[in-house]
Each structure stands twice: as structure tokens, then as C-alpha cells.
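FYI, it's all coordinate maths here, none of it is from the lab. If you're wondering where the values come from, they're calculated on a predicted model, not measured in any experiment. Every residue, glycine among them, receives a Cβ derived from its backbone with ideal geometry; neighbour counts consider all protein chains shown.
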Amino acid sequence: MSETSAWVIFIAAIFTNNILLTNFLGMCSFIACSGQIKTSLGLGTAVTFVMIMTTIMNYIIYHFILVPLGIVHLQFIVFIAVIAAFVQFVEMFVERFSPKLYFALGIFLPLITVNCAILGASLFIIIRKYSFFQSVGFGLGAGIGWAVAIVLLAGLRQKMRYSNIPEPFQGVPIAMIVTGVLAMAFMGFAGMVSIQ
Amino acid sequence: MTCEPTGLCQGKGLLTLKEGAWANNPLAIQVLGICSALAVTNRLENSLVMGAALIFVCVGSNLLVSLLRKVTPYRFRMIAEVSIIATFVILFDQFLRAFYWDMSKQLGPYVGLIITNCIVMGRAEAFALQNPPVLSIVDGIANGLGYAVVLAIIGFFRELLGAGEILGREIPGFSSWYTPNQLMILAPGAFFALGIVIGIFNWIKGPEPQENK
């Protein structure tokens, strides 16, 4: 595991081990915010940025503070605090420099805090025992993979508005089934590279 | 929001229970907390443990948030809620590690991810902050139960169709001729199963929840 290069992990995190389509993380905002390609692109960018920064911070905190002090069992609460603080920072930044994006994202910017993909990525780098550079590769790849998936679904949902779907399946259920087809398509990448 | 002394808050408890577990089912109607619902339902056993975990965390955090609701400053309520929830999740995680190591290994990061499960946070924010402790416990049980039941349904069908077994055991008269469809165990099967379950819930409930789409 430890010999895998950061580059391979980066590619694998986007395609074969897509954090959304194979690990199901970040579904809430994925379903709710995939109506428009533009909004989803903004959210995807925000998530990628937050994810890479928080994986780096959490890696450093875990290996240089929690492990030496022997308080590894507090990792959940420490990680979520780091993420919450960082998201707050990004929110202020976006509000200051791009009010348009700020209003487009609305409630979903603070909700990045409770986006499981962010916390999940931090937990994965600990569970899979990645080195520092592997963690950077994984954080970046997972973020980009998430963004790719949400933009793809947004495109599909824009087209789907014109199709004739049975009433109970409109909205969330059909989005879920389309995501299933998307996940099947991504399974085609399996075997290209593999981690885990 | 005063509680009558008799019964469980004079039928109010029952109403809360019904609301949480069926009419406003967190998973199938409000579509919250789907990450874990998709990830752990590949086997029925995992689904049941995850359901139990969520009931425990939801009840515990609802109770504590409700007890502290008068002394929590409004501006800090989010961070207070997250810390309370994280505390209960750590408790459950340590319990699993101590007594059910295999299960803890299988669920992997998803136990920790209960912290970011929107159901727990949503109930603490929307219900426990305004209601007395007893009612909050009922609400926690109701929502946890609603989640656990849907999880069990999905887990049941995914294990049945994907492995041809239930709880790791063969079913007489079924497993002998059924060819397991691996797809149901893998990621796409999870999406299909949840999509169909939500669709069926919508169909039973009638068309009205579609209006604000």
C-alpha cells in the first residue's frame, strides 16, 4: 500500500474509486444541488478546494498532535472542528470576492461542513494509512472526482426535464436511478488502476 | 409546548412517533442521510447495526440538546450540537471496537460519518431545540426507527438479490436455484434500490409531496 505513488492514487480517486459513485459520500448536496450545471460547477470547485485543504490539515494534526498525545479516539470531533472552521473561512472569502457565486450556492456553502465527503476523505487517509503525498493526491483526486460526478448529473438532469417520467419517480428517485447508471459507467474504469 | 402529566404527553408523543417514523420518514420522504443508507446496505446485518447506531445517537443527542436548550446561546448552537453528536458517535464507535471488532472493520468510516448524517443534525436543530426532553426522546426514537426500517428493507433486498442469502445464511428452496446478481452488492445496485424504494414511498403517499419539486 505504502509504495503506491501519489499520482496513481490521484487518478484512482477520480475514476476507479470515485468518492461519490463507489463510496456514496456527499450524497445530500449531490442530489439537492444538481439542478443546474453552473451551480454544481461552483459547488464542485468549493468542495475540491475545501477537501484538499482539510485533508492536509487533518493529516498534520492527526500525525503530529493526536498520535503523540495518545488521543486518537478524539479524531472525529477534532476533524469536524477543523472542517467547520475552514468552511467558515471559505464562506467569508467567497462572500467578499464573488457575491454572485455566494448567492447561487446559498445554503449549500455552510452545508459543506456536513458534507460527508469532506469528513470521509479525512477518515479514509487515516484508515488506509496514506503518507503525506499520498494524502494530498487522494484529497485532490477525491474532490475532482466529486465535482466531475455532480456536473455530469446536473447535465443529465437538465435534459431529463423534458422526458416523460412516471409521477412517483419524478425528482429524487429518478436522479438516484440515473446515478446508478452513472456508477455503472464508472465501473468500466475498474482495473485501470486500483487502490485499497 | 407543555406536557400533560398523563400518558405520553397526551397523545402528543404518539403523534410525534407517527410523524417521524412514517409521514415524514427522514430517509424515504425527506431524503436525508442517504450516504450511509447507500453504503452499508450491501448486507442485512450491516444495515441493522447501522440502524441501531443511528437510533442510539439520535436519542442521545436529542435528549442532551433538549436538556441544554435553555442555556445554549443561539449563535453557538451549531457547534454545541455537533460536539454533542460527535460525543455519542465516539461512544458507539468505541463500543463497536471493543466488542464487535469485525463489524467495526466492515462499517469502516461510516460509523464516524454519522456525525455528518443530516438526520441527527436536522432533528436536533428542528425539534430538540424547541421541545421538552421526553418528547425529544420520542422524536429521536421515531426518526431513528424510520431510518432503521428503510435501511433494513434495502439491506434485505440487496442481500437477497445480490448474494442469494439472508444474514449470511442460505434460504431453503431459494438459494439452490437463484444465481446471485453481483450488481446489487456493488455501488450501482445501491442507487437503484434506494431510487425504487423512494419511488414506492411516493406512490403510496400519493402525489402531493411532488409539488415543490
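Values as computed for the structure displayed
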quantity: Under the span-like rule (Cα at least 18 Å along the axis, Kyte-Doolittle mean at least 1.6), DSSP H helices of chain B; calculated: B:44-67
quantity: Test item: A:21-31 mean partner chain Cβ contacts at 10 Å; calculated: 6
quantity: Number of partner chain Cβ atoms within 10 Å, mean per residue of B:197-203; calculated: 6
quantity: Crossing angle, helix A:75-97 versus chain A [Cα axis fit, 0-90 degrees, rounded to tens]; calculated: 60 degrees
quantity: For the protein assembly as shown, alpha-carbon Rg and Dmax in angstrom; calculated: 21.0, 66
quantity: Paramagnetic reach from A:Met92 (point 7 Å along Cα→Cβ, amide N under 20 Å) across segment B:65-102; calculated: B:74-80
quantity: Euclidean distance of C-alpha centroids, segment A:133-172 and segment B:108-164, integer Å; calculated: 24 Å
quantity: Theoretical ellipticity at 222 nm over chain B - DSSP helices of four or more residues, -39500 (n - 2.57) apiece, nearest 500; calculated: -19000 deg cm²/dmol
quantity: Per-residue [θ]222 nm for chain A (sum of -39500 (n - 2.57) over DSSP H runs n ≥ 4, rounded to 500); calculated: -21500 deg cm²/dmol
quantity: Per-peptide average of other Cβ atoms within 10 Å, ordering B:162-172, B:141-151 highest first; calculated: B:141-151, B:162-172
quantity: Chain B: most fluctuating residue of B:Ala86, B:Ala126, B:Ala28 per GNM, C-alpha cutoff 10 Å; calculated: B:Ala126
quantity: Debye equation applied to the C-alpha atoms of segment A:6-187, log10 I(q)/I(0) at 0.08, 0.10, 0.18, 0.19 Å⁻¹; calculated: -0.26, -0.41, -1.15, -1.23
quantity: Packing-based order for A:59-65, B:48-54, using average beta carbon neighbours within 10 Å, highest first; calculated: B:48-54, A:59-65
quantity: Mean Cβ neighbour count within 10 Å, used as a protection proxy, ranking A:14-27, A:154-167 highest first; calculated: A:14-27, A:154-167
quantity: 5 angstrom amide H check on B:Ile166, placed H, neighbours 5+ away; calculated: B:Ile171
quantity: Average other protein chain Cβ within 10 Å of Cβ, residues B:117-124; calculated: 2
